[in-house]
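*Asks:* Just passing along the structure, written as structure tokens.
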Amino acid sequence: MSSRHPLVFHVLAECKISKARVSKMILPHGEVDTPVFMPVGTQGTLKGLLTEQLDNLGVQIMLANTYHLGIKPGVEILKKAGGLHKFMNWNCALLTDSGGFQMVSLLKLAVITEKGVQFRSLNASKSEIVLTPEHSIEIQNVIGADIIMQLDDVVKTTSSDDKRIEEAMYRTTRWLDRCMQSHKRVEDQNIFPIVQGTLNTKLRSLSAKAHMKRDVRGFAIGGLSGGESKDEFWKMVNLSTDILPKNKPRYLMGVGFAIDLVVCTALGVDMYDCVFPTRTARFGCALVMTGQLNLKQKMYKTDLTPIDKDCDCSTCKTYTRSYLHHIATIHTVSCHLLTVHNVAFQLRLMRNIRESIKENKFVEFVQSFMVDLHPNKDYPNWVIDALQAVGIQLK
Amino acid sequence: MKFIVESLTKNAPRLGALREIENRPNLVLETPMAMLYTRGGSIPHITNEVFKLLTQKSQIIQIPLVSTYNFEDVMSVYKGTIAEFVGMKECISCLTVQDPGDHTLPGYHVENSIPLWTRHGKVLISAKSYMNLVSLFKPDMYYLLSDGDTNISSPAKRIRKSVQNTIKYHKQCIDTHENLTGVKNSFMMGAIAGGYDLKARKECIDGICQNDSIGGYLIDGLHNNGPEVELLAADEINPVVVFVINNLQPTKLRAIHGCWNPVVILKLVQLGVDLFDTSYCYIVTERSCALTFTIDANGNDEKFELNLRQADFAEDFGPILPGCTCLACSKYSRAYIHYLVNVQELLGPVLLTIHNVHHYMRFFESIRQCIGNGTLSLLEEKVGNQFHSSKHVDQQDNVLASCERVDSADAFASAVLEMDRDNITASVSS
């Protein structure tokens, strides 16, 4: 790996109709095939799974959360451990967020100024922490992920305060510069700017264009998936991918429902993360191509089939729906089994997407995926519109 | 399945093996051994995928009916065995009535049935309904129904009743066994009740038919299960165990269940007990502890057990136990596990169980080796010294922490709801 290029991005194939593409992203801790779904290991562990199990699943990159890791185990211990990779026994790629997203989820506890974000810790000590762009990068430098995120000024996606949205958009760019300035590991960590501007077309374009002027190797599309309508959501994604350069990866933050992954890939997105697949597992739900099964339901009590007969994960190879029904939400083993399956589901979906693009059959893939999900062809309007915008007609 | 013992001794340590197991002609399970304790059919925190990373050797899984009772409906339509249903087809299964890892509520007896305290409330099990479950579960081994609801302070009346019930259930089960298809070849084990009253024990032994179809005996009725068993001392149970073993045919397998501490386990092995379980690993894991007691007669003086929740381990990047070859020790550090248990991540107990069960299995390997070369007393002395010297405040705290746990499964269920601290980023789509 050349010391100047901790991220090499090769576009291997493009859909001839839509903006979908298949690429290889080469990072210090390994190669990642995109479009990729990154499972979320918030606290430096993927919800009960050993890293050996992640290897078995074929996970190439996972996400960890700077806010949580900064509080516990804390920077000093991570430093002494030699970074998160060593601490958690994970040798493949990692991505960390900036901690900024907690501004939205914990807004009542946070005050945002030009200096940074002031949090009150959720733990027993209730200590006050100011997260500045510099501090976020300092923590992320210690964690040592292959891709790190700038601290951004997040506004609620559904906010109607244009003045605040504009302020946050410009501030995000100012904070990007501060982040890049304080970034100490440019040779082995990539900083991604975050395109902001919520649902405002003009501001989002300005944000994307401003960030493209910086020397960065990939971009995140932020400020979405926060309760806005799907009509507004896809238009903002489409706008962002229209502007962002084709030779760099685009990461859509916080998106992970199967239908969203298919549509947004058609819109040209390369990377995704979402807690949903692992979270829903802990509540006894298994993902399948036609939606999800709530295994607690009585109908599965004597169902002796696997969750998905076409799935080759260790859970589907070994366990029946009936067994999972009996232990779901009672024994931790059920969480582990469903987490394995749900991560395998996400990875299989992305693998199928990549293969169809490579074989120049992406349009057919999208059409058949949508029919499986909506056998009566009552497709949501936003899906029809979004796909139409990139030339895909549903059958 | 047959139990073959090397020497027909009574109150002495002995080596033996379970052989000629149906469909597994080459498998030999050496005793003394510990069956793998399960809840709801799974080793707590361990999926089949992780189990294969824990050990490649064939094992017996212990299936307590109390946590699998609700499988009845599905097992009546499922064609396979209970081991296959719970995803552990590489293991031999053994059905037990009560759960050694969980306190069994005393009392509530009615005529002809014993109370089973399941997650869904009290279920009364008669010999007939029990044998019906046995025929549905098709275990490789099973215990006959017994009334083991006695402990060191049980009154004479309860002891007498438990013996009468156990004799009655024993006969009823055996009569049914003859007429059951599918479990004819199961290894059947009887239970000896009678609390701490030797006369009652004798009465029970005399009352049950000691015939060839019974492969072994459980010395039941010593305790009411759960973490408190760890606190029982060898001296207290010694006279009963000696007496019962002296009155059983020496060719039969002898089992005692419960989360005994390793010092008591060694004493029981010295008295000639062959079969135990790993519920001790479970209660140790649940209190965030790792077993580090010596398993080698020439071993070093490590601490008996480490409480990884303690701040001392926050920056300790070494393995739980230097030299241990388990996955947790070879790839993960004390500091990481300390962190995981402190932020209540599910991986913490997974790693602790991997180590604790691995360590416990090595302990039994060592026990067999020591019996073979006559050094068992040395090991007993070593472990005993270590146990008593570490009986400081820490260890007491650890043990008390275990006893305070009411029902870890319920604790888990509510923890699931609380532990989600990651950001919800997904809005529910249509």
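The values are calculated or read from the model by the stated rules, or taken from the named source; none is laboratory data. Just so it is clear, the structure is predicted and the values come from calculations on it, not from any experiment. Here the Cβ is made from the backbone with ideal geometry for all residues, glycine too, and neighbour counts use every protein chain on show. For the accessible areas, the whole protein counts, side chains as well, though only heavy atoms, and no ligand, DNA or RNA atoms are used. Shrake-Rupley method; radii C 1.70, N 1.55, O 1.52, S 1.80 Å.
*Asks:* Would you pick out the residues in the range B:314-328 that are open to solvent by 10 Å² or more (accessible area, probe 1.4 Å) and in a helix (DSSP H, G or I)?
*Replies:* B:327, the sole residue that qualifies.
*Asks:* So, residue B:305, is that one open to solvent by 20 Å² or more (accessible area, probe 1.4 Å) and either within 14 Å of chain A (Cβ to nearest Cβ) or within 30 Å of residue A:331 (Cβ to Cβ) (or both) or not?
*Replies:* No, not satisfied.
*Asks:* So which residues in the range A:285-299 are surrounded by fewer than 20 Cβ atoms within 10 Å (Cβ to Cβ) and either assigned to a loop (DSSP other than H, G, I, E, B) or facing chain B (nearest Cβ under 9 Å) (or both), if there are any at all?
*Replies:* Answer for the range A:285-299, where residues must be surrounded by fewer than 20 Cβ atoms within 10 Å (Cβ to Cβ) and either assigned to a loop (DSSP other than H, G, I, E, B) or facing chain B (nearest Cβ under 9 Å) (or both): A:289, A:290, A:296, A:297.
*Asks:* Assuming residue B:298 fulfils every condition listed in (1) at pLDDT 95 or above; (2) part of a loop (DSSP other than H, G, I, E, B); (3) over 26 Å from residue B:229 (Cβ atoms) apart from one, which condition is it?
*Replies:* (1)
*Asks:* Just a yes or no: is a residue in the range B:143-159 touching a Pro at 6+ places or on another chain (Cβ under 9 Å) and either under 21 Å from residue B:267 (Cβ atoms) or not assigned by TED's automatic domain parsing to the domain that holds residue B:266 (or both)?
*Replies:* yes
*Asks:* Residues of the range B:250-270 being assigned to a loop (DSSP other than H, G, I, E, B) and more than 18 Å from residue B:366 (Cβ to Cβ), which ones?
*Replies:* B:250, B:251, B:252, B:256, B:257, B:258, B:259
Here's the yes/no breakdown for (1) under 12 Å from the mean Cα position of the chain (by Cα); (2) closer than 18 Å to residue A:341 by Cβ:
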| residue | (1), (2) |
| --- | --- |
| A:249 | no, no |
| A:258 | no, yes |
| A:271 | yes, no |
| A:277 | yes, yes |
| A:281 | no, yes |
| A:284 | no, yes |
| A:294 | no, yes |
| A:298 | no, no |
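*Asks:* Quick check on residue B:311: is it hydrophobic (A, V, I, L, M, F, W, C), more than 23 Å from the chain's Cα centre (by Cα), open to solvent by 10 Å² or more (accessible area, probe 1.4 Å) and away from chain A (no Cβ under 14 Å)?
*Replies:* Criteria not met by residue B:311.
*Asks:* Something else about it: Out of all the residues in the range B:172-196, which are open to solvent by less than 50 Å² (accessible area, probe 1.4 Å) and part of a helix (DSSP H, G or I)?
*Replies:* Residues satisfying the conditions are B:173, B:174, B:176, B:177.
*Asks:* Hey, another quick one. Which one is farthest from the other protein chains (Cβ to nearest Cβ) among residues in the range A:266-283 that are farther than 19 Å from residue A:147 by Cβ and of a type outside the set (Gly, Ala, Ser)?
*Replies:* So, considering only residues that are farther than 19 Å from residue A:147 by Cβ and of a type outside the set (Gly, Ala, Ser), the one farthest from the other protein chains (Cβ to nearest Cβ) is A:267.
*Asks:* Regarding the range A:349-371, can at least one residue be identified that is basic (Lys, Arg), under 24 Å from residue A:50 (Cβ atoms), open to solvent by 40 Å² or more (accessible area, probe 1.4 Å) and out of contact with any Leu (no Cβ under 8 Å at 6 or more places or on another chain)?
*Replies:* yes
*Asks:* Moving on to the next point. Given (1) away from chain B (no Cβ under 11 Å); (2) of a type outside the set (S, T, N, Q); (3) surrounded by fewer than 24 Cβ atoms within 10 Å (Cβ to Cβ); (4) not in a helix (DSSP H, G or I), where does residue A:235 come up short, assuming only one miss?
*Replies:* (4)
*Asks:* Could you check the range B:104-118 and list, in sequence order, the residues that are out of contact with any Phe, Trp or Tyr (no Cβ under 9 Å at 6 or more places or on another chain) and outside any strand (DSSP E or B)?
*Replies:* Listed by number, the residues that qualify are B:106, B:107, B:109, B:111.
*Asks:* Further question on the same structure: Which count do you get for residues in the range B:120-171 that are assigned to a helix (DSSP H, G or I), under 27 Å from residue B:84 (Cα atoms) and open to solvent by 10 Å² or more (accessible area, probe 1.4 Å)?
*Replies:* Result for the range B:120-171: 5.
*Asks:* Would you confirm, using the coordinates I've provided, whether residue B:97 is among the hydrophobic types (A, V, I, L, M, F, W, C), free of Cβ contacts under 8 Å to residues at least 24 places away in the same chain, surrounded by 20 or more Cβ atoms within 10 Å (Cβ to Cβ) and within 30 Å of residue B:168 (Cα to Cα)?
*Replies:* No.
*Asks:* Take the residues in the range A:300-309 that are more than 10 Å from chain B (Cβ to nearest Cβ) and touching a residue at least 12 places away in the same chain (Cβ under 8 Å); name whichever of them is surrounded by the fewest Cβ atoms within 10 Å (Cβ to Cβ).
*Replies:* That would be A:305.
*Asks:* How many of the residues in the range B:222-276 are without any contact (Cβ under 8 Å) to a residue 60 or more places away in the chain, of a type in the set (D, E, K, R) and touching a strand residue (DSSP E or B) at 6+ places or on another chain (Cβ under 8 Å)?
*Replies:* Qualifying residue count for the region: 1.
*Asks:* Kindly provide the set of residues from the range A:311-360 that are more than 25 Å from the chain's Cα centre (by Cα) and not in a helix (DSSP H, G or I), ordered by number.
*Replies:* Across the range A:311-360, the qualifying residues are A:319, A:320, A:328, A:329, A:330, A:331, A:359, A:360.
One line per residue, one yes/no per condition, for (1) within 18 Å of residue B:167 (Cα to Cα); (2) surrounded by 21 or more Cβ atoms within 10 Å (Cβ to Cβ):
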| residue | (1), (2) |
| --- | --- |
| B:222 | yes, yes |
| B:227 | no, yes |
| B:232 | no, no |
| B:236 | no, no |
| B:241 | no, yes |
| B:244 | yes, yes |
| B:256 | no, yes |
| B:259 | no, yes |
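*Asks:* Filter the range A:314-343 down to the residues that are among the hydrophobic types (A, V, I, L, M, F, W, C) and open to solvent by 10 Å² or more (accessible area, probe 1.4 Å), then identify the one that is nearest to the other protein chains (Cβ to nearest Cβ).
*Replies:* A:330
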